[in-house]
Amino acid sequence: MADFKDKVVYQIYPKSFQDSDGDGIGDLKGVISRLDYLEKLGVDYLWLTPFFRSPQKDNGYDVADYRSVDPVFGTMEDLEVLAEQSGNRGIGLMLDMVFNHTSTEHEWFRRALAGEQKYMDYYFFRDGEADRPPTNWESKFGGPAWEYVPHLGKWYLHLFDVTQADLNWENPEVREELKKVILFWKEKGIRGFRFDVVNLISKPEVWEDDWEGDGRRFYTDGRHVHEFLKELTADTGIGDLVTVGEMSSTSLENCIRYSNPEEKELSMCFSFHHLKVDYKDGNKWELMEPDLGELKSILKKWQLGMQENDGWNAVFWCNHDQPRIVSRLGEEGKYRKESAKMLAAAIHLLRGTPYIYQGEELGMTNADYTDISQYRDVESLNYYQILLERGKTKEEALKVLSCRSRDNGRTPMQWDGTENAGFTSGTPWIGCPDNYREINASMQVEDEDSVFHFYRELIALRKRKKVVAEGRIEFLCDDQPEVFAYRRSLEGEELLVVNNFTSRTVTAGIVMGKGDYVKILGNYAGKPEKGAEGVRLRPFETVVWERK
Ligand code: TEU
């Protein structure tokens with residue numbers, strides 16, 4: 001069993017990380033060229049989002065050949081060199097397996113369209129009239145979740161884009177095909193796997209309309225999902241590697257089962273409930289100020305729930321689907337650096353394996369686009385039209401996208417202050433925010449007080465103090481929504497982590513005896529004032545104390 005509790009994973013979106021050949025699109029050679037930077041940061045694994053052959057309708061999450069490297073990202077040899085060179089640095093590669101669906105350009109789907117029953121059974125094709133889909137389910141990218149194929153007189157299911165056809169995991173032939181994909185990449189020295197929306201793979205036996213929602217309640221954490229994961233892990237031997245499942249709209253009970261070692265399913269889970277506290281009425285496309293009380297409550301529930309049942313969380317704020325956390329929960333202006341560091345400490349010192357998304361370690365911000373022509377993401381472009389159809393003005397719709405679009409996390413990595421932030425010598429496939437001259441890796445690597453070096457210290461702390469990876473967690477200041485405070489303890493070692501999530505000075509209700517604790521990390525010089533009422537925290541202040 002791989003040890004992952006004291007490890008840190010760095011997520012790379014290759015398309016936006018580093019371009020090596022001037023075509024404006026990041027590639028594997030570009031990743032290789034930045035391994036020294038990643039080694040300096042101190043991460044243990046690199047999660048690469050899909051680089052397989054794809055029409056790129058969903059930026060690679062529409063896979064046309066699982067055992068390939070799309071030429072736009074380079075060659076299989078480049079991947080092998082990357083695996084070897086990262087391995088030489090003690091860094092393992094984690095690949096992203098999109099097994100819930102394939103691209104409609106995949107050979108399997110092409111043969112299904114040609115009427116081959118064997119391959120139609122790899123997907124969910126259902127007979128039906130052209131004006132009546134099998135169910136009223138909605139795609140997560142907007143519109144219906146079924147597409148009609150006139151020459152077959154059948155519909156096929158796509159929970160995401162119309163070019164992403166859902167695979168039928170109930171079919172053992174599909175499961176065997178996907179196991180072969182895993183074994184192919186294991187052979188190449190891959191040390192981990194992320195499974196895309198893996199809790200959606202088990203569909204219901206009976207297909208029925210959903211008059212209470214968009215259909216997700218019928219397929220989320222479906223009837224055979226645990227059985228399928230046990231089978232996949234057992235038959236491919238990936239229990240020895242680091243595996244993480246992306247769990248869309250999941251439950252704590254299921255994530256305990258997905259990640260408890262006794263279940264032999266996965267190492268850990270991504271859940272997203274903490275990243276929906278600014279969704280008005282649960283709707284991503286309706287803006288609301290973040291509910292900090294709800295945020296704390298969700299993080300506490302999942303931390304304690306997994307702790308008490310031997311589950312394991314991936315802990316994270318950012319990824320390629322999320323806006324930048326410093327723009328979302330921190331501050332882009334006066335306190336950008338302080339808030340970026342505070343958010344880092346708040347998540348990294350929780351119980352779980354931390355994931356750093358490219359640029360998060362610099363405090364990169366949202367894209368700040370002002371025109372729909374700047375956007376690239378299929379989900380964002382679909383919802384822009386939907387918002388207009390729902391009566392929003394262009395300005396209102398663009399405001400929503402500026403806060404919620406996945407493109408906020410997909411702008412080019414900001415390497416330096418030269419044109420296009422040093423990402424490409426060509427025209428980037430997506431635009432850089434103007435602030436790359438002030439926010440970039442080149443400046444921060446040279447600045448000991450930078451966000452970059454703060455992330456390095458957090459990673460080093462995890463390696464130095466076993467209490468971070470293994471310690472129990474308990475939460476404090478439950479009655480103060482703006483203060484996120486917790487204690488970590490293990491065999492006499494104790495850390496106290498206190499975070500002010502606001503731009504105001506607040507007093508955290510923690511009374512600390514003089515001389516009991518020593519400050520070991522923080523984002524302000526000096527120590528916060530301690531008084532009878534508690535500890536006075538400066539705007540976005542984070543402090544990590546160690547008990548003497
Ligand atoms: O994401 C699953 C998913 O639901 C995301 O689309 C995200 O939660 C949503 O956009 C929030 O509104 C995975 C991949 O991470 C994503 O990039 C893919 O587009 C999606 O699956 C389909 O493969």
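Observations on the structure shown:
- Applying a threshold of 7 Å to beta carbon distances and a minimum spacing of six or more residues, or different chains, the list of pairs starting in the range 159-177 at a residue that is among the hydroxyl-bearing types (Ser, Thr, Tyr) and ending at one that is away from the ligand (no atom under 12 Å from the Cβ) reads THR163/PRO55; THR163/THR104.
- Checking each residue in the range 494-517 for being outside any loop (DSSP other than H, G, I, E, B) and modelled with pLDDT of 95 or more picks out GLU494, LEU495, LEU496, VAL497, VAL498, ASN499, ASN500, VAL506, THR507, ALA508.
- Members of the range 478-492 that are buried (at least 20 other Cβ atoms within 10 Å of the Cβ) and not small (Gly, Ala, Ser): GLN480, VAL483, PHE484, TYR486, ARG488
- Residue satisfying all of: in the range 108-122; of a type in the set (D, E, K, R) and touching a residue at least 40 places away in the same chain (Cβ under 8 Å); farthest from the ligand (Cβ to nearest atom) among these: LYS118
- Within the range 502-519, the set of residues being surrounded by 15 or more Cβ atoms within 10 Å (Cβ to Cβ), touching a strand residue (DSSP E or B) at 6+ places or on another chain (Cβ under 6 Å) and under 26 Å from ILE325 (Cβ atoms) comprises VAL506, THR507, ALA508, ILE510.
- Being out of contact with any Phe, Trp or Tyr (no Cβ under 7 Å at 6 or more places or on another chain), buried (at least 21 other Cβ atoms within 10 Å of the Cβ) and without any contact (Cβ under 8 Å) to a residue 60 or more places away in the chain holds for only one residue in TYR436, TYR455, and it is TYR436.
- Residue selected from the range 177-197 under the condition within 16 Å of the ligand (Cβ to nearest atom) and aromatic (Phe, Trp, Tyr), by the criterion nearest to the chain's Cα centre (by Cα): PHE195
- Scanning the range 197-217 for residues that are more than 14 Å from ARG126 (Cβ to Cβ) and hydrophobic (A, V, I, L, M, F, W, C) returns VAL197, VAL198, LEU200, ILE201, TRP211.
- Against the list (1) in contact with an Asp or Glu (Cβ under 8 Å, 6 or more places away or on another chain); (2) touching a residue at least 24 places away in the same chain (Cβ under 8 Å), the condition ARG487 fails is (2).
- Search result, residues across the range 224-265 that are aliphatic (A, V, I, L, M) and within 16 Å of the ligand (Cβ to nearest atom): VAL225, VAL244, MET247
- Positions within the range 123-150 being under 28 Å from the mean Cα position of the chain (by Cα) and touching a residue at least 12 places away in the same chain (Cβ under 8 Å), in sequence order: TYR123, PHE124, TRP137, GLU138, SER139, LYS140, PHE141, GLY142, GLY143, ALA145, TRP146
Listed here are the residues, each with its yes/no results for (1) in contact (Cβ under 8 Å) with a residue 24 or more places away in the chain; (2) buried (at least 22 other Cβ atoms within 10 Å of the Cβ).
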site: HIS226; (1), (2): yes, no
site: THR236; (1), (2): yes, no
site: CYS255; (1), (2): yes, yes
site: PRO261; (1), (2): yes, no
site: GLU265; (1), (2): yes, yes
site: MET268; (1), (2): yes, yes
site: LYS276; (1), (2): no, no
site: TRP285; (1), (2): yes, no
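- Residue-level check: of (1) away from the ligand (no atom under 16 Å from the Cβ); (2) of a type outside the set (S, T, N, Q); (3) not in a helix (DSSP H, G or I), ASP321 misses just (1).
- Subset of the range 50-72 (residues that are more than 21 Å from ILE430 (Cα to Cα) and either in contact (Cβ under 8 Å) with a residue 60 or more places away in the chain or acidic (Asp, Glu) (or both)): ASP65, TYR66, ARG67
- Candidates in the range 73-107 are the residues that are part of a helix (DSSP H, G or I) and touching a residue at least 60 places away in the same chain (Cβ under 8 Å); of these, the one that is surrounded by the most Cβ atoms within 10 Å (Cβ to Cβ) is LEU79.
- Against the list (1) assigned to a helix (DSSP H, G or I); (2) in contact (Cβ under 8 Å) with a residue 60 or more places away in the chain; (3) within 14 Å of TYR455 (Cα to Cα), the condition ILE347 fails is (2).
- Residues that are on the phi > 0 side of the Ramachandran plot and either aliphatic (A, V, I, L, M) or within 16 Å of the ligand (Cβ to nearest atom) (or both) within the range 128-166 comprise GLY142, GLY143, listed in sequence order.
- Any hit, the range 48-68, residues being aliphatic (A, V, I, L, M) and away from the ligand (no atom under 14 Å from the Cβ): no
- Residues (farther than 23 Å from PRO50 by Cα, assigned to a loop (DSSP other than H, G, I, E, B) and among the basic types (Lys, Arg)) located in the range 190-248: LYS203, ARG223
The values are calculated or read from the model by the stated rules, or taken from the named source; none is laboratory data. Model, not experiment: these values are computed from the prediction. In this analysis, Cβ positions are derived from the backbone assuming ideal geometry, glycine residues included, and neighbour counts consider all displayed protein chains.
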